[in-house]
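*Asks:* Here it is: the structure, laid out below.
The values are calculated or read from the model by the stated rules, or taken from the named source; none is laboratory data. Keep in mind that this is a model prediction, so the values were computed, not measured. All Cβ positions, glycine included, derive from the backbone under ideal geometry; neighbour counts span all protein chains shown. Note: areas computed on protein heavy atoms with side chains; ligands, DNA, RNA excluded. Shrake-Rupley method; radii C 1.70, N 1.55, O 1.52, S 1.80 Å.
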Amino acid sequence: MTYPFILEKLTGTSGGRTLLLLSGGTGSPKLLRGLLFYCSGAQVTVIANTGDDIWISGNLVCPDLDTVIYTAAGIVSERWWGINGDTFRTHERLASLGHKEALIIGELDRAIHIFRSDLLRRGATLTDATLAMCASFELSTAVLPMTDDFVPTMIVTDNGEMHIQDFLVRYQQAPNVSQVRCRTGKMTKEVQTALNEHRSVVIGPSNPISSIGPILAVNGMQQALKDRFVIAVSPIIRGEPISGPAGKFMESRGLPVSSLGVAEFYSDFLDVLIVDGRDDISQSDLPGDIELLRADTIMYGVEQSKNLATEIVRILPSQS
Ligand code: GDP
């Protein structure tokens, strides 16, 4: 392990490995930012959650797909949604007319939603439209929606059942959650091909239930993962997610809010769980044959993203 690892560090390359990443819209894109220092864009394929997708003002907004694309293009804002330096005059003008949008949408971001939705209205699949967006940004990274079906994730709460975006934005994650409903989508031929081309898969530090859960609900996905070497990064450190409602959502599934809960949720297919060095879990806590690895997993900035990416590239089998 030592020599290829050092070589990779020195040359900043992945040593020819290609990488398949399952992603939500915050933790995993932070990891992607680091991985793209070690892999050329063409060596990376991302399958992103579309359970957060929502039609707003006539256009389909795909928050996770867009954050992944903006990250790969180097234009994602520091908030991890939208485009750096964007302006919000249309959103504000609409609000002053009494038209309240479910998400805050900037002008440059909106252009992407219009571009995508126009392609969809003309008969393109979401995969076609997403790859067209990648091409428009001259990305060599392939970003794939987990499915072409519209499968919004619904949250069952003590305030009723609502779209995940309503739960996150309108209700500010406040209601008690009894269930997270992920719908089953059909696997696309592009996702199937990406899986066929990779013997290993990386699950980024994303919300296991609402960001990775919908990807796992795609027909055939769990079986495909059972047949592959799967590495996941825990988004939970010492019983707390770094951001977002992962704790509430894990509790609604009867899982402990911990890296152990993450391991249990992925236990049917997981080979390696990377946890933060500060976490209190130990190898003997983990179910089955899951191997525990420690790293610095909090990605405050690019340097931490690169360091975590280094750890992942180091343990990827060379025919990944
Ligand atoms: P969403 O689509 O915006 O919900 O984003 P994700 O599901 O991709 O990411 C949210 C999850 O990422 C949360 O559970 C956080 O705990 C986790 N997360 C965010 N930043 C980091 C980080 O720097 N390190 C780790 N380990 N987890 C993170």
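*Asks:* Taking a cut-off of 26 Å, what percent of all Cα-Cα pairs in region 25-165 are separated by more than that?
*Replies:* Details: 2354 of 9870 pairs.
That fraction is 24 percent.
*Asks:* GluC sites (Glu not before Pro), restricted to region 65-159: which are DSSP loop and have at most 14 other Cβ atoms within 10 Å? Intermediate results must be reported in sequence, preceding the final value.
*Replies:* Working: sites: E78, E92, E101, E107, E138; in loops: E78, E101, E138.
Sites meeting the loop and neighbour criteria: E78, E138.
*Asks:* On average, how much accessible surface per residue is there in the chain, in Å², for a 1.4 Å probe, leaving out ligands, DNA and RNA?
*Replies:* Solvent-accessible surface per residue comes out at 42 Å².
*Asks:* With unit charges on the beta carbons (Lys and Arg positive, Asp and Glu negative) and the dipole taken about the Cα centre of the chain, which residue among S282, L270, S40 sits farthest to the positive side?
*Replies:* Positive-end residue among those listed: S40.
*Asks:* Excluding residues fewer than 8 places away in the same chain, name every one of the lysines whose C-alpha is closer than 20 Å to that of K189.
*Replies:* Cross-link targets: K226.
*Asks:* Carbon and sulfur: what percent of the chain's accessible surface (1.4 Å probe)? If you can, show how the numbers build up before the last one.
*Replies:* On the way: 6830 of 13600 Å².
Answer for the chain: carbon and sulfur cover 50 percent of the accessible area.
*Asks:* Report, to the nearest 10°, how far helix 107-121 tilts away from the longest principal axis of the Cα atoms in the chain, using its own Cα long axis and a range of 0 to 90°.
*Replies:* Result, in degrees: 90.
*Asks:* Right, something else. Could you list the trypsin sites (Lys or Arg not before Pro) in region 258-320 that lie in coil according to DSSP, counting only those with at most 12 other Cβ atoms within 10 Å of their Cβ? Please report the intermediate quantities before stating the final value.
*Replies:* Values: sites: R278, R294, K306, R314; in loops: R278.
Loop-located and lightly packed - R278.
*Asks:* Dipole of region 53-205 (Lys/Arg Cβ +1, Asp/Glu Cβ -1, origin at the Cα centre): which of V156, H198, A174 lies farthest to the positive side?
*Replies:* Farthest towards the positive end: V156.
*Asks:* So, one more: Treating the beta-carbon of each Lys and Arg as +1 and of each Asp and Glu as -1, no other charges, what is the dipole magnitude of region 228-320 about its Cα centre, to the nearest 20 debye?
*Replies:* Values: 8 positive and 14 negative charges, 49 e Å.
So the magnitude is around 240 debye.
*Asks:* Under the rule of -39500 (n - 2.57) per DSSP H run of 4 or more residues, summed and divided by the residues of the chain, what mean residue ellipticity at 222 nm is obtained, to the nearest 500 deg cm²/dmol?
*Replies:* Details: 12 runs with 113 residues, N = 320.
That comes out to -10000 deg cm²/dmol.
*Asks:* What is the helix-to-structure angle for 302-315, meaning the angle in degrees between its Cα long axis and the longest Cα principal axis of the chain, kept from 0 to 90 and rounded to the nearest 10?
*Replies:* 50
*Asks:* Under a cut-off of 18 Å between alpha-carbon atoms, report the aspartates and glutamates in cross-link reach of K306, not counting same-chain residues fewer than 8 places apart.
*Replies:* List returned: E8, E78, D276, D296.
*Asks:* While we're looking at this one, here's another question. List every residue whose amide H lies under 5 Å from the amide H of I242, counting only residues 5 or more places away in sequence or on a different chain, with H placed 1.01 Å from N in the peptide plane.
*Replies:* I237
*Asks:* Let me ask something else about it. Rounded to the nearest 5, what % of DSSP beta bridges with both residues in the chain are antiparallel?
*Replies:* On the way: 14 of 38 bridges.
Among the beta bridges of the chain, antiparallel pairing accounts for roughly 35 percent.
*Asks:* Could you list the GluC sites (Glu not before Pro) in region 190-299 that lie in coil according to DSSP, counting only those with at most 14 other Cβ atoms within 10 Å of their Cβ?
*Replies:* In loop regions of region 190-299 (DSSP not H, G, I, E or B), the sparsely surrounded GluC sites (Glu not before Pro) are E197.
*Asks:* Take S178 and R79, extend 7 Å from each Cα along the Cα→Cβ direction, and tell me the distance between the two endpoints in nm.
*Replies:* Here the modelled spin labels are 3.3 nm apart.
*Asks:* For the chain, what relative contact order do you get, as a whole percent, if you take Cα pairs closer than 8 Å and at least 6 residues apart? Present the calculation step by step, with values, prior to reporting the outcome.
*Replies:* Details: 631 pairs, mean separation 66.2, N = 320.
Once normalised by length, the contact order is 21 percent.
*Asks:* Any chance you could run the full-extension gain for L108 through M162? It's 0.36 nm times the residue separation minus the Cα-Cα distance, nm to one decimal. Mind showing how you got there, number by number?
*Replies:* On the way: separation 54, 0.36 × 54 = 19.44 nm, distance 2.79 nm.
That pair, L108 and M162, stretches by 16.6 nm at full extension.
*Asks:* Something else now. Under a point-charge model restricted to the Cβ atoms of Lys and Arg (+1) and Asp and Glu (-1), what is the dipole moment magnitude of region 169-220 relative to its Cα centre, in debye to the nearest 20?
*Replies:* 180
*Asks:* Around T297, with a cut-off of 11 angstrom between Cβ atoms, what is the net charge of the other residues, counting Lys and Arg +1 and Asp and Glu -1? List each step's numbers first, then the result.
*Replies:* Details: positive: K30, R278, R294; negative: D276, D279, D296, E311.
Local charge sum for T297: -1.
*Asks:* Could I ask something else about it? With only Lys, Arg, Asp and Glu charged, each at its Cβ (+1 for the first two, -1 for the last two), find how big the charge dipole of the chain is about the Cα centre; round to the nearest 20 debye.
*Replies:* Numbers: 27 positive and 36 negative charges, 82 e Å.
My answer is approximately 400 debye.
*Asks:* Right, something else. Mean-square fluctuation check for the chain, GNM, Cα pairs under 10 Å: which of T127, T45, T157 is largest?
*Replies:* T157
*Asks:* Let me ask another. Can you tell me the 0 to 90 degree angle between the C-alpha axis of helix 27-38 and the longest principal axis of the chain, rounded to 10?
*Replies:* Computed tilt is about 60 degrees.
*Asks:* Let me ask something else about it. With the dipole of the chain worked out from charges on the C-beta (+1 for Lys and Arg, -1 for Asp and Glu) around the Cα centre, which of G244, S210, L144 lies farthest toward the positive end?
*Replies:* L144
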